[in-house]
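Working notes, structure below.
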Amino acid sequence: MKAVIAEKPGDEDVLKLREVADPVIKPDEILIRVRAAGLNRADILQRQGFYPPPPGAPEIIGLECAGDVAAIGSAVSGWAIGERAMALLHGGGYAEKAAVHHGSAMKIPAALSYPEAAGIPEVFLTAFLNLFTLAGLKRGETALIHGGGSGVGTASILLIKEAGMRSIVTAGSDEKCEQCLKLGADVAINYKKGLFAPAVKAATSGGGVDVILDSIGAAYLPGNIESLAQGGRLVLIGLMSGARAEIDLSAVLRRHLKIFGSTLRTRPAAEKAEIVAAFVKQFGAALDAGRLRPPIYKILPAAEAATAHRMMQASEHFGKIILSFD
C-alpha cells in the first residue's frame, strides 16, 4: 500500500508518499481501506519528533480516517465487508489501509462524505470526552473554547450547540471569529485585540465560565483561572505555548476550581471503546441527521501532505484539513 512516511524528524519536506507493507489485523480489529484522513496538531508534533507513537502503534502519522471495511478480525461482530467506517486511530491514518480496534470505529452516516467523516473521530471525541465526560458540562452552563477555528474548536462549538448550552470562543482574527459565530458559537473573542479574560467576564456579566477547554497551555493559565466561575473546571489538552506557568493557588482553593489534564491517544483500547459508545449514545442521532458536520477547509491528495502540514502549522485554516487517498 501507499503511505505518507516521515523519513526522519524534521520540517514538512520529510513527508513522502512511499510503498510500505499492508497492516496485519489482530482478531479484535478491522481493516479499513482509507479514502480520507484528517490532520491534527499532534501530527505536526510527531513529524517533528516530539510526539512518538505509543507502544504498539504504527510509525505512520494519522489519528483519524474514513473509508470502507476491507477485512474483519475473527473476534469482531457487527461489521460487514464494504461498510463505510470512520475510526479513531493511535496512528497509521496517512495510508491506504489502516488497522483499528473495532471499538474505536463508527459507521459513517449516509449524510456524510468520506472527507467529512474523516474529520470527525479525533476532534469530536476529544471535545466530547473533555467537555461532557471529564468536565461534566450541563444545561445552563457556559464553556470557553480556545482555538475556536481549530478542529477541536469547531467540533466543540457544534456539540455544545447541539446539547443546548452556551459557548464562548477565542480566535486569532475577526474573520475566524465571524466563522465561529456562524457555526453556532454565542460569543467570539479576537485574542489579538487584547486579553481574553476581561472579555470573558464582560460576556458573562462578571460571573465567568463554568468550563474551559484549553490547548494553549502556560501562557493562558492565569487568564483561564481569572475567567472561571465559582466551581469552574479547566481541562488542559495541549501545550502550544509551553508547559510551565505560575498561578495563585489560593484562587483555586477559594473558588473550588478543578483542573484536569487529558489526552486521548494513549488511552487503552477498552477505554476508547467506552468513549466512542458514550458519544454515539448522546450524539448519534445528530450525527445520523447530518447536524454534526465538520467544516472542511481544504482537501488535498495524499502526495501533498507537506503542503497540508504547512497550512496547519500556519494556522490559516478554519475547521479540518483532509488528505484524500481516493
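Using the crude model of +1 on Lys and Arg Cβ and -1 on Asp and Glu Cβ, and no other charge, please compute the dipole size for the chain relative to its Cα centre, in debye to 20. Mind dumping the intermediate values first?
On the way: 35 positive and 33 negative charges, 133 e Å.
Result for the chain is approximately 640 debye, rounded to the nearest 20.
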Task: Binned Cα-Cα distances of region 56-206, short to long, each 5 Å bin given as a whole percent - done: 2, 9, 16, 17, 16, 13, 10, 8, 5, 2, 1, 0
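Where Rh is the Kirkwood radius over the Cα pairs of region 124-261, the temperature 10 °C and the viscosity 1.306 mPa s, what D in µm²/s does Stokes-Einstein return?
Details: Rh = 14.5 Å.
For these conditions, the coefficient is 109 µm²/s.
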- [ ] Would you mind telling me which residue in GLY56, GLY208, GLY164 has the biggest mean-square fluctuation in a Gaussian network model of the chain, where springs connect alpha carbons within a distance under 10 angstrom?
- [x] GLY56
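Given Cβ point charges of +1 (Lys, Arg) and -1 (Asp, Glu) and nothing else, what value in debye, to the nearest 20, does the dipole of region 82-156 about its Cα centre take? Spell out each step's value before the answer.
On the way: 5 positive and 5 negative charges, 35 e Å.
In total the dipole reaches around 160 debye.
For region 168-326, what is the convex hull volume of its Cα atoms per residue in Å³?
Working: hull volume 26.5 nm³, N = 159.
Spelled out: Cα convex hull of region 168-326, divided by residues, is 167 Å³.
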- [ ] Give a residue-ordered list of calculated ³J(HN,Hα) values for region 299-313 (Karplus: 6.51 cos²θ - 1.76 cosθ + 1.60, θ = phi - 60°; whole Hz; x for Gly, Pro).
- [x] 10, 10, x, 4, 5, 9, 4, 4, 5, 4, 5, 4, 4, 5, 5
TODO: Kindly express, to the nearest 10 degrees and within the range 0 to 90, the angle between helix 174-183's C-alpha long axis and the longest C-alpha principal axis of the chain.
DONE: 70 degrees
- [ ] Whole Å is fine, so just give me how far the alpha carbon centre of region 124-139 lies from that of region 55-120.
- [x] 23 Å
Open item on the list: Report for the chain the percent antiparallel among DSSP-assigned beta bridges with both residues inside it, nearest 5.
Closed with: 55 percent
Open item on the list: Sequence gap at least 6, Cα distance under 8 Å: using those rules, report the relative contact order of the chain to the nearest whole percent.
Closed with: 19 percent
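Suppose we take every Cα in the chain and form the convex hull; what volume per residue is that in Å³?
On the way: hull volume 40.2 nm³, N = 326.
It is 123 Å³ per residue.
Rank-order 67-74, 82-89, 243-250, 40-47 by packing density, defined as the average count of other C-beta atoms within 10 Å over each peptide's residues, highest first.
On the way: 67-74: 18.0, 82-89: 23.5, 243-250: 10.1, 40-47: 21.5.
Ranking the peptides 67-74, 82-89, 243-250, 40-47 by packing returns 82-89, 40-47, 67-74, 243-250.
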Open item on the list: Considering only C-alpha atoms, what is the centroid distance from region 261-326 to region 4-52, in Å?
Closed with: 15 Å
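Based only on other Cβ atoms within 10 Å, what is the fewest-to-most ordering of PHE50, PHE283?
Details: PHE50 10, PHE283 19.
Ordered from fewest to most neighbouring Cβ atoms within 10 Å, PHE50, PHE283 come out as PHE50, PHE283.
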TODO: Only Cα pairs under 8 Å and at least 6 apart count here; give the relative contact order of region 124-261 as a rounded whole percent.
DONE: 21 percent
TODO: In debye, nearest 20, what is the charge dipole magnitude of region 185-319 about its Cα centre with +1 on Lys and Arg Cβ and -1 on Asp and Glu Cβ, if you could check?
DONE: 20 debye
TODO: Provide the three semi-axes, in whole Å and in decreasing order, of the ellipsoid equivalent to region 19-71 as defined by the square roots of 5 times the Cα gyration tensor eigenvalues.
DONE: 22, 14, 10
Open item on the list: Using 0.36 nm times the number of residues separating ARG291 and LEU239, minus their current alpha carbon distance, what extension gain do you get?
Closed with: 15.7 nm
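Here, each number is a calculation from the coordinates, and none is a lab measurement. Since we're looking at a predicted model, the values are computed, not measured. Positions of Cβ are backbone-derived with ideal geometry, glycine not excepted, and every protein chain shown enters the neighbour counts.
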